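A.B. asks: Dumping the structure here so I can ask a few things about it.
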Amino acid sequence: MRIFLRGVDALSSAAAWVATWCVLLACLVSAGNAITRYALDLGSNAWLETQWYLFAVIVLFGASKTLRLNGHVRVDLFYGTLTPRGQLWLDLVCLAVFLLPAAGLLAGMSWTLFIESWSIGEVSSNAGGLVRWPVKLVLPVGFALLTLQGLAEMVRRAAILAGVMPLLAQYERPVQ
């Protein structure tokens, strides 16, 4: 169990590392695009699409680490009033009923989109646009990472509830 948890957490951390560098790269591409467009009167749709692709990587590769760090959005109306044990149970139920089915379904559906795009060599319809399959690959990979991290969080919470693992952190309600 601990090997599975460490492995999934490491995979999420590696994906988040890629997402972090994509933030810097997106800033550089954006600045470079603005400078060349306004100072040199040069522009390309490829640079704009590169920014969109990088944004997709940032969001989808960062989601699993955000889940691991308990940084996702939740409704505090109920959650904040529960005991730590009640919060664990609510997390466990919500992960099983909402996150895993949705993320798993999206991973499967987006895999089909990627395969179709890759097989036909899909290219953007914009002048100077990029090939589409790389960004379409980000979708199933990102949702698969989120699904794996969701499974790990379910295992982690179940282990804490069973007394096999200690509760290391407690939920802190955001300042309002």
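Every number here is computed from the coordinates shown, using simple stated rules; none is lab data. Please read all numbers here as calculations on a predicted model, not as lab measurements. Reconstructed Cβ throughout: ideal geometry from the backbone, glycine too, with neighbour counts over all protein chains shown.
A.B. asks: Under a 5 Å amide H to amide H cut-off, with H placed in plane at 1.01 Å, what residues pair with V131 once short-range neighbours are removed?
C.D. replies: Here the answer is S124, since their amide H atoms fall under 5 Å of that of V131.
A.B. asks: Moving to a separate point now. With an 8 Å Cα cut-off and a minimum separation of 6 or more residues, compute the relative contact order for the chain in percent.
C.D. replies: Relative CO of the chain lands at 30 percent.
A.B. asks: What angle, in degrees between 0 and 90 and rounded to the nearest 10, separates the Cα long axis of helix 2-39 from the longest principal axis of the Cα atoms of the chain?
C.D. replies: Helix 2-39 sits at roughly 30 degrees to that axis.
A.B. asks: If neighbour count is taken as other Cβ atoms inside 10 Å, put Y38, Y79 in order from fewest to most. Each step should come with its number before you reach the end.
C.D. replies: Working: Y38 10, Y79 15.
Ascending Cβ contact count within 10 Å gives the list Y38, Y79.
A.B. asks: Quick one: helix 84-94 against the long Cα principal axis of the chain, what's the angle to the nearest 10°, folded into 0 to 90?
C.D. replies: The angle comes out near 50 degrees.
A.B. asks: While we're on this one: Kirkwood Rh over Cα pairs of the chain into Stokes-Einstein at 4 °C, 1.567 mPa s: D in µm²/s? Write down the numbers at each step before the final one.
C.D. replies: Numbers: Rh = 18.3 Å.
The Stokes-Einstein estimate is 71 µm²/s.
A.B. asks: Going by alpha carbons, how many degrees (0 to 90, nearest 10) lie between the helix axis of 133-161 and the longest principal axis of the chain?
C.D. replies: Tilt of helix 133-161: around 10 degrees.
A.B. asks: Can you list the equivalent-ellipsoid semi-axes of region 1-40, largest first and in whole Å, using the square root of 5 times each Cα gyration tensor eigenvalue?
C.D. replies: Listed largest to smallest, the semi-axes of region 1-40 are 38, 4, 4 Å.
A.B. asks: I've got another one for you. Ratio of region 42-124's C-alpha Rg to 2.2 N^0.38 Å, to two decimals? Before the final figure, lay out each step's value.
C.D. replies: Numbers: Rg = 18.4 Å, N = 83, 2.2 N^0.38 = 11.8 Å.
Against the compact-globule rule of thumb, the ratio is 1.56.
A.B. asks: Out of all Cα-Cα pairs in region 73-119, roughly what percent, to the nearest whole number, are more than 11 Å apart? Write down the numbers at each step before the final one.
C.D. replies: On the way: 781 of 1081 pairs.
Here the tail beyond 11 Å accounts for 72 percent of pairs.
A.B. asks: Grab the other residues whose beta carbon is less than 14 angstrom from that of V164, score K and R as +1, D and E as -1, and report the net. All intermediate terms of the calculation are to be shown ahead of the outcome.
C.D. replies: Numbers: positive: R2, R156, R157; negative: none.
Summing Lys and Arg as +1 and Asp and Glu as -1 gives +3.
A.B. asks: With only Lys, Arg, Asp and Glu charged, each at its Cβ (+1 for the first two, -1 for the last two), find how big the charge dipole of the chain is about the Cα centre; round to the nearest 20 debye. Present the calculation step by step, with values, prior to reporting the outcome.
C.D. replies: Values: 12 positive and 9 negative charges, 103 e Å.
The calculation lands at about 500 debye.
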